[in-house]
Amino acid sequence: MEQLSTGILGQNVRKGLNFTWSTQAILFCAIIIACVGLNVDSPPIVIGAMLISPLMAPVVGIGYGVGNRDPKILARSTRLLLIQVTVAVVGATIYFFISPLNATSAQLLARTEPTLWDVLIAIVGGFAGVIKDGGNIVPGVAIATALMPPLCTVGYGISHLNSTFILGAGYLFLINVFFIALSTAIGTIFFRVRSGEKLNVPFKQRMLILVISIIIIIPSSISAYSIVHKSYIDTELSEFIDAKMGDQYIAKQSISGKQIDLSVIGRRLNDQEIENLNKSLKDYHLGDYQLNLKQLTKGNYITPKEFQSYIKQTGEKDAIQGNTSSTDTDSSSAGLTNTSTDSQSKKLQVIQTGLSDKYAKLIANIYIGKVKDQSNTSKEVMMIALTKKGQNSRSKIENSAAKLAKEQKINPVVQFMNLN
């Protein structure tokens with residue numbers, strides 16, 4: 001701390017405010033690199049772009065100009081920032097306009113919903129930038145505050161005419177710029193006071209900064225509340241499902257407004273049972289929600305058409321394989337393909353073979369495999385198609401399947417298929 005002073009801070013800030021074509025070229029290269037990283041969903045590439053980006057310099061310069069009440073530095077920094085933002089957004093827009101990869105990556109989506117935590121990162125990152133070597137912009141601060149990705153996302157939004165991306169990412173960039181500059185201004189004032197200067201910051205100026213800060217923070221606070229609330233609701237819903245629907249396999253789960261949508265495979269629930277489940281929601285702080293169940297099972301059976309619908313919902317491919325030894329039907333009749341041959345699949349094959357050998361005249365086909373639900377959780381599935389003669393032997397076959405599954409130490413979802 002003995003080394004830090006307004007002199008050192010001012011010297012370091014002015015070094016970064018030189019407008020040169022080489023600096024803008026570096027910025028353009030950095031923005032293209034960051035766009036590639038966001039496009040292919042690669043955090044290391046994005047971090048590499050932030051390491052060489054010169055965007056932090058004018059932001060810190062604005063804060064220094066405000067804290068030191070230096071209109072020349074403030075004007076110079078603001079002008080340079082506007083130029084660099086224009087270069088970055090134009091470069092990002094051009095890249096995403098010509099890029100053959102049009103899918104929205106998780107890295108891009110992450111920049112469209114700023115929260116209160118982004119405000120905190122910007123504030124702390126700004127202070128770190130001032131304290132470290134008197135405002136010398138270190139790579140760690142540039143990475144933490146992440147000025148580049150939001151501008152890339154704005155370019156993506158412009159190239160795809162998507163206002164959600166433009167506004168969300170633009171707001172995130174505003175948060176970072178404002179609070180980094182504010183932290184720098186406060187740090188500058190601290191150094192001035194520490195050096196013995198007597199400062200008298202006008203009341204109107206203090207109130208203006210406070211009001212602007214509150215206005216900028218409000219949307220991010222709402223977003224943060226939404227995230228926390230959603231996490232709480234998801235936790236309560238998971239507890240509800242575990243306690244009240246343990247015998248059902250949840251194929252799809254979503255919440256829209258005040259409605260909980262569940263697609264399930266398992267024992268067919270009647271209207272009274274569904275009503276009781278709705279009443280039980282209040283015990284899990286979900287009393288304001290309405291449960292909407294889509295049961296993929298019809299009676300005691302699930303048809304190939306319904307199971308195809310389930311496969312489409314989960315987005316799982318290569319999920320199921322049929323018993324190729326059967327001549328009554330084949331796996332393609334259900335529109336399903338082969339599964340992988342991991343240890344769990346081999347255990348399923350043992351059960352498949354055991355049931356087929358024991359009930360050759362009662363079972364038309366057995367489909368086995370693994371599927372994933374919306375939370376990307378894998379589950380072993382066994383679908384048994386009975387012959388006409390085997391229709392009355394469902395309970396016996398189900399017990400045998402459970403016994404074989406226990407011997408193999410797995411717990412698959414067992415359902416019976418109606419091939420009619």
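The values are calculated or read from the model by the stated rules, or taken from the named source; none is laboratory data. What you see is a predicted model, and the numbers here were worked out from it, not measured in a lab. Here the Cβ is made from the backbone with ideal geometry for all residues, glycine too, and neighbour counts use every protein chain on show. Accessible surface areas use protein heavy atoms only, side chains included; no ligands, DNA or RNA. Shrake-Rupley method; radii C 1.70, N 1.55, O 1.52, S 1.80 Å.
Tell me the relative contact order for the range 227-274 as a rounded percent, counting alpha carbon contacts under 8 Å between residues six or more apart. Could you put the intermediate results ahead of the total?
On the way: 29 pairs, mean separation 12.6, N = 48.
It rounds to 26 percent for the range 227-274.
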What does the accessible area of residue 212 come to, in Å² to the nearest 10, when a probe of 1.4 Å is used?
60 Å²
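Cβ neighbours within 10 Å, averaged per peptide: list 355-365, 252-262, 216-226 in order, most packed at the top. Provide the component values of the computation, followed by the final result.
On the way: 355-365: 17.4, 252-262: 13.5, 216-226: 15.3.
Ranking the peptides 355-365, 252-262, 216-226 by packing returns 355-365, 216-226, 252-262.
How high is the relative contact order of the range 176-302? Use alpha-carbon pairs under 8 Å, at least six apart in sequence, and give a whole percent. Mind showing how you got there, number by number?
On the way: 90 pairs, mean separation 24.3, N = 127.
Averaging sequence separation for qualifying contacts and normalising by length gives 19 percent for the range 176-302.
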Give the long-range amide H neighbours of residue 416: residues separated by 5 or more places, or on another chain, with amide H under 5 Å away, using H modelled in the peptide plane at 1.01 Å from N.
302, 384
How do the peptides 40-51, 155-166, 174-185 rank, highest first, by the average count of neighbouring beta carbon atoms within 10 Å per residue?
174-185, 155-166, 40-51
Please work out the average accessible area per residue across the range 218-278, using the 1.4 Å probe convention, and give it in Å².
55 Å²
Can you tell me how much longer the chain between residue 75 and residue 225 gets when fully stretched, taken as 0.36 nm per residue apart minus their C-alpha distance, in nm with one decimal?
50.4 nm
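When the solvent-accessible surface of protein heavy atoms is calculated with a 1.4 angstrom probe, in what order do 28, 190 fall, highest first?
Values: 28 85, 190 105 Å².
From most accessible down to least: 190, 28.
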Give, in nm to one decimal, the length gained when the segment between residue 236 and residue 14 is fully stretched (0.36 nm per residue of separation minus the Cα-Cα distance).
74.6 nm
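Just to confirm a number: summing +1 for Lys and Arg and -1 for Asp and Glu over residues other than residue 186 whose beta-carbon lies under 12 angstrom from that of residue 186, what do you get?
Numbers: positive: 192, 206; negative: none.
Its environment carries a net charge of +2.
In the range 184-281, what GluC sites (Glu not before Pro) fall in a loop by DSSP, with at most 15 other Cβ atoms inside 10 Å? Intermediate values should be presented prior to the final figure.
Details: sites: 197, 236, 239, 273, 275; in loops: 197.
Sites meeting the loop and neighbour criteria: 197.
Only loop residues by DSSP count here, and only those with at most 16 other Cβ atoms within 10 Å; note down the trypsin sites (Lys or Arg not before Pro) in the range 150-206 that meet that.
Values: sites: 192, 194, 198, 204, 206; in loops: 198.
Hits after loop and neighbour filter: 198.
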Using a 1.4 angstrom probe and counting only protein chains, how large is the accessible area of residue 104 in Å², to 10?
60 Å²
FRET E, pair residue 350, residue 391, Förster distance 30 Å, beta-carbon r, rounded to 0.05
0.75
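Could you compute the net charge surrounding residue 146? Neighbours are other residues with a C-beta less than 12 Å from the C-beta of residue 146; K and R count +1, D and E count -1.
On the way: positive: 111; negative: 118.
Computed value for this residue: 0.
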Name the long-range amide H neighbours of residue 252: under 5 Å, sequence gap of 5 or more, or other chain; modelled H, no Pro or chain starts.
263
Given the protein chains as shown and a 1.4 Å probe, how many square angstrom of residue 404 are accessible, to the nearest 10?
50 Å²
So what J values fall out for the range 29-43 if you push phi through Karplus, 6.51 cos²θ - 1.76 cosθ + 1.60 with θ = phi - 60°, rounded to Hz, Gly and Pro as x?
4, 5, 5, 5, 4, 5, 4, 4, x, 5, 5, 9, 6, 10, x
